[in-house]
Amino acid sequence: MKLKRDFFLQSTLKVAKNLLGKYLVRKYRGGKIVGKIVETEAYVGPKDKASHAYGGKQTARNRAEFLKGGHIYIYLVYGMHWQFNISTYKEGKPECVLIRAVEPVVNTKYKILNTRYLNKANGPGKLCGYFKFDKSFYGEDTVKSSRIWLEDGGEKIKPSQIAKGPRIGIDYAGPRWSKIHWRFWLKNSEFVSKFK
């Protein structure tokens with residue numbers, strides 16, 4: 001079942017945890033690319049020094065963060081790697097969740113692929129390469145879009161199945177924000193990024 005708006009309007013930390021086990025689905029060349037989300041990171045601007053919206057400043061780059069929950073915020077890092085985020089919470093509140101890793105799946109029946117796909121989407125840049133994402137997805141509404149959306153496959157993820165730790169690559173934000181445990185992943189997943 002496709003995730004509706006209410007799912008994304010919850011608190012960002014709740015969405016970051018609840019996205020684990022959900023499916024990211026993209027239509028591509030007459031078929032679908034599908035991945036089970038196994039790792040996320042929460043960004044809660046404007047108080048969060050690691051957020052692009054720290055201090056509440058809105059720019060051409062981060063305006064998608066200010067959209068109501070369910071919109072895509074995608075951007076380049078180092079001029080080469082796309083990072084795929086979903087806006088969360090209310091319009092005008094710049095918060096989002098970075099999708100860090102997915103477990104690739106075969107088709108809409110969500111049959112899990114074998115382990116030769118272990119390193120295909122286990123990091124934000126690899127994930128975007130796997131889904132063939134580009135800037136054309138910027139600001140797209142996953143609740144209304146016919147080419148990209150998120151689904152609930154019916155799997156119930158228990159709190160005991162979720163691990164948490166510091167976010168990755170944000171030392172510039174200072175010790176408080178770089179050490180806060182706002183990264184979440186499925187403990188038993190082999191498809192999580194190498195940072196555990």
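For ASP134, ASP141, what ranking results if the residue with the fewest other Cβ atoms within 10 Å of its Cβ goes first?
ASP134, ASP141
Can you run phi through the Karplus equation (6.51, -1.76, 1.60; θ = phi - 60°) for region 4-13 and list ³J(HN,Hα) in whole Hz, with x for Gly and Pro?
With coefficients 6.51, -1.76 and 1.60, one gets 9, 4, 4, 4, 7, 8, 6, 4, 4, 5 Hz.
In debye to the nearest 20, how big a dipole does region 145-189 give about its Cα centre with +1 on each Lys and Arg Cβ and -1 on each Asp and Glu Cβ?
Computed about the Cα centre, the dipole is about 220 debye.
Just to be sure I understand: with springs between alpha-carbon atoms less than 10 Å apart, which residue in ARG183, ARG61, ARG167 has the highest mean-square fluctuation in the Gaussian network model of the chain?
Its mean-square fluctuation being the largest, the pick is ARG61.
Please tell me the relative contact order of the chain in percent, rounded to the nearest whole number, where contacts are Cα pairs under 8 Å and at least six residues apart.
Over the chain, the number comes to 27 percent.
For each of VAL38, VAL97, count neighbouring Cβ atoms within 10 Å of the residue's Cβ, then give the residues from fewest to most. Could the numbers behind the result be given before it?
Working: VAL38 25, VAL97 28.
Listed from fewest to most nearby Cβ atoms, that is VAL38, VAL97.
With +1 on each Lys and Arg Cβ and -1 on each Asp and Glu Cβ, how big is the dipole of the chain about its Cα centre, in debye rounded to the nearest 20?
With Lys and Arg at +1 and Asp and Glu at -1, about 240 debye.
Can you list residues whose amide H is under 5 Å from PHE191's amide H, if they're 5+ apart or on another chain and H is modeled 1.01 Å from N?
none
Using only DSSP helix segments of four residues or longer, with each worth -39500 (n - 2.57), what per-residue ellipticity at 222 nm results for the chain after dividing by its residue count and rounding to 500?
-3000 deg cm²/dmol
Nearest 20 debye, what's the magnitude of the dipole of region 30-113 about its Cα centre given +1 on Lys and Arg Cβ and -1 on Asp and Glu Cβ?
Once rounded to the nearest 20, the dipole reads 160 debye.
Going by C-beta contacts inside 10 Å, put SER189, SER160, SER145 in order with the fewest on the left.
Numbers: SER189 19, SER160 7, SER145 16.
Fewest to most other Cβ atoms nearby, the residues stand as SER160, SER145, SER189.
Averaged across orientations, what area in nm² does the convex hull of the alpha carbons in region 5-186 project?
10.2 nm²
Can you tell which of ASP152, ASP48, ASP171 shows the greatest fluctuation in a Gaussian network model of the chain with Cα springs below 10 Å?
In this elastic network of the chain, the residue with the biggest mean-square fluctuation among ASP152, ASP48, ASP171 is ASP171.
Please give the contour-minus-distance gain from HIS81 to MET1: 0.36 nm per residue of separation, less the Cα-Cα distance, rounded to one decimal in nm.
Stretched fully, the HIS81-MET1 segment lengthens by 25.8 nm.
Near LEU76, within a Cβ-to-Cβ distance under 12 Å, what is the net charge of the other residues, with Lys and Arg +1 and Asp and Glu -1?
Charge balance in the 12 Å sphere: +1.
Here, each number is a calculation from the coordinates, and none is a lab measurement. Because the structure is predicted, anything quoted here is derived from the model rather than measured. Virtual Cβ from ideal backbone geometry, glycine too; neighbours counted across all protein chains shown.
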